[in-house]
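S.K.: Got a structure for you, questions after.
The values are calculated or read from the model by the stated rules, or taken from the named source; none is laboratory data. Here the structure is a predicted model, which is why all the values come from computation and not from measurement. Cβ atoms come from the backbone with ideal geometry, glycine included; neighbour counts cover every protein chain shown.
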Amino acid sequence: MPLKYFIVTFGCAQNEADSERITSYLEGQGMVKSLSINQADYIVINSCMVREMAENRVYGLVNNLAKSVKHKAKRKIVLTGCIVGMMVRDKTGKFLRLIKKKLPQVDEFLPIEEIGFGYPQLRTDKFHALVPISSGCNNFCTYCVVPYSRGREVSRPYEEVVAECKDLAKKGYKKITLLGMNVNSYGADLIKTQKSTNLKPIYVKHLGRLRIPTLFPYLLEDICKIEGIEEIDFMSSNPWDFSARLIEVIVNNPKISRQIHLPVQSGSNSVLKRMNRWYTRDEYLMLIKNLKLKIPACAGRKNLKVSTDIIVGFCGETEEEFQDTVNLAKQAGFNKAYVSLYSDRPMTAARKTLKDNIPHQVKKRRWQILENLINKPNLVKKK
Ligand code: SF4
């Protein structure tokens, strides 16, 4: 009898795509999918630690599994994803010791890099494919654990991504979502190492300086040319790396979704500075204005919609700073926002140098205000 596996995925679309590669790896070893976690011999938990709550859910699941007696003798619990990424990258070994102490029930820690891109994703969705184009991040926003849990940004070779999308089209896929922590900086490392492609890099002008070179607009354009693919979107894109050339590519290609996700995180300049986000509220609003002005010019497509991520209660966030975010949200006209309560994360600059000093009740109240304003506007109107 082949061993049965079951995968539990926490967190973002990037983790979902990783789980699809893990599926391929496990089936390559002769395992078959279990219909329930209780019947599985090999349970893989793909973890997220972007917020404390996500991390705690992983601990809760492992503890609950350990309590269930069924199958215990031969069952294996395997942990992968961001928690393991952090364990591997923390050179002091502190985080590794902490997790081993917290989760003695885990039989194996599997760094996602061990799976690699050599394993094709085994997708369950037959229409919409998630396609990672890069992994990791070099931006070091002070609250964010990603540069530590996923490491520095590494782009997949250009030709490999295009070939995968062509193959998906042949298999009948109609929609593609390109994934990266910052898709707009895709290719910066490929240019430096002269790996793949001879395209002339596009530089993004920001704060009067030429920032990183990128190949993302070319990649997007080439994927739009693939016959059979009807819709393309991408996430996430940082506001400060959104090039004029990228806007032009979106305008000229109606296959690209008119729903753009553009994380703002805060509408206060002083908070953005503490977060190490390289734009001001005015620059962000100007970008949205520019996007809305240019992109609806494309015939036959709906008007552009912008969604965002916002963190409330970041270290030292005053009422005035929070009101700047409320005002920005009103001006930007987001159609959706993922609003989260700040929680300080291991190894980040915010944990080391700032104080997580906003009471939970205040964070909750601010969260509710933005949630009602952006995600439940009808509720506000009725009052
Ligand atoms: S851009 Fe900032 S928030 Fe996004 S993954 Fe990188 S460090 Fe984290």
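S.K.: Looking at this structure, is Y59 surrounded by fewer than 20 Cβ atoms within 10 Å (Cβ to Cβ), aromatic (F, W, Y) and not assigned by TED's automatic domain parsing to the domain that holds M347?
M.R.: Yes, satisfied.
S.K.: Can you say whether G28 is more than 25 Å from S343 (Cα to Cα) and more than 16 Å from the ligand (Cβ to nearest atom), as far as the supplied structure shows?
M.R.: Against the criterion (more than 25 Å from S343 (Cα to Cα) and more than 16 Å from the ligand (Cβ to nearest atom)), G28 qualifies.
S.K.: I need the full set of residues from the range 165-190 which are surrounded by 20 or more Cβ atoms within 10 Å (Cβ to Cβ) and assigned to a helix (DSSP H, G or I), in order please. Give the derivation first.
M.R.: In the first step, residues of the range 165-190 are kept if they are surrounded by 20 or more Cβ atoms within 10 Å (Cβ to Cβ); the result is 165, 168, 173, 176, 178-188, 190.
Of everything in the range 165-190, those that are surrounded by 20 or more Cβ atoms within 10 Å (Cβ to Cβ) and assigned to a helix (DSSP H, G or I) turn out to be C165, L168, V183, N184, S185, A188, L190.
S.K.: Is it the case that the range 69-86 has a residue that's part of a helix (DSSP H, G or I) and surrounded by fewer than 16 Cβ atoms within 10 Å (Cβ to Cβ)?
M.R.: Step one: list which residues in the range 69-86 are part of a helix (DSSP H, G or I), which gives 82-86.
Among the residues that remain, those that are also surrounded by fewer than 16 Cβ atoms within 10 Å (Cβ to Cβ) are: none.
Within the range 69-86, not a single residue is part of a helix (DSSP H, G or I) and surrounded by fewer than 16 Cβ atoms within 10 Å (Cβ to Cβ).
S.K.: Listed residues S155, S149, S134; which is farther than 19 Å from G187 by Cα, of a type in the set (G, A, S) and crowded, with 21+ Cβ neighbours inside 10 Å? Break it down into steps so the answer makes sense when it comes.
M.R.: Numbers: S155 fails: farther than 19 Å from G187 by Cα; S134 fails: farther than 19 Å from G187 by Cα.
On inspection, the qualifying residue turns out to be S149.
S.K.: Can you list residue pairs whose Cβ atoms sit under 6 Å apart, with the first residue in the range 312-334 being of a type in the set (D, E, K, R) and the second being outside any helix (DSSP H, G or I) and surrounded by fewer than 21 Cβ atoms within 10 Å (Cβ to Cβ)? Count only pairs 6 or more apart in sequence or on different chains.
M.R.: E317/I358
S.K.: Please specify each residue of the range 144-160 satisfying the condition of being over 24 Å from N198 (Cβ atoms), not aliphatic (A, V, I, L, M) and not in a loop (DSSP other than H, G, I, E, B).
M.R.: P147, Y148, S149
S.K.: Select from the range 344-383 the residues that are outside any helix (DSSP H, G or I) and under 25 Å from F334 (Cα atoms) and write down the one among them that is modelled with the lowest pLDDT.
M.R.: Per the stated criteria, the residue is K383.
S.K.: Another question, if that's okay. Within 16 Å of the ligand (Cβ to nearest atom) and modelled with pLDDT of 95 or more: is that true of C165 in this structure?
M.R.: no
S.K.: Anything in the range 120-143 that is within 11 Å of the ligand (Cβ to nearest atom), assigned to a loop (DSSP other than H, G, I, E, B) and touching a residue at least 60 places away in the same chain (Cβ under 8 Å)? List them, or say none.
M.R.: Matches in the range 120-143: N139, F140, C141, T142, Y143.
S.K.: Given the residues I232, I223, I212, which is the only one that is part of a strand (DSSP E or B), in contact with a Cys (Cβ under 9 Å, 6 or more places away or on another chain) and either outside the structural domain of Q14 (by TED's automatic domain parsing) or within 14 Å of the ligand (Cβ to nearest atom) (or both)?
M.R.: Criteria check complete, one pass: I232.
S.K.: Would you check if V106 is aliphatic (A, V, I, L, M), touching a residue at least 24 places away in the same chain (Cβ under 8 Å), over 23 Å from M235 (Cα atoms) and not assigned by TED's automatic domain parsing to the domain that holds R277?
M.R.: Numbers: aliphatic (A, V, I, L, M): yes; touching a residue at least 24 places away in the same chain (Cβ under 8 Å): yes; over 23 Å from M235 (Cα atoms): yes; not assigned by TED's automatic domain parsing to the domain that holds R277: yes.
It is true that V106 is aliphatic (A, V, I, L, M), touching a residue at least 24 places away in the same chain (Cβ under 8 Å), over 23 Å from M235 (Cα atoms) and not assigned by TED's automatic domain parsing to the domain that holds R277.
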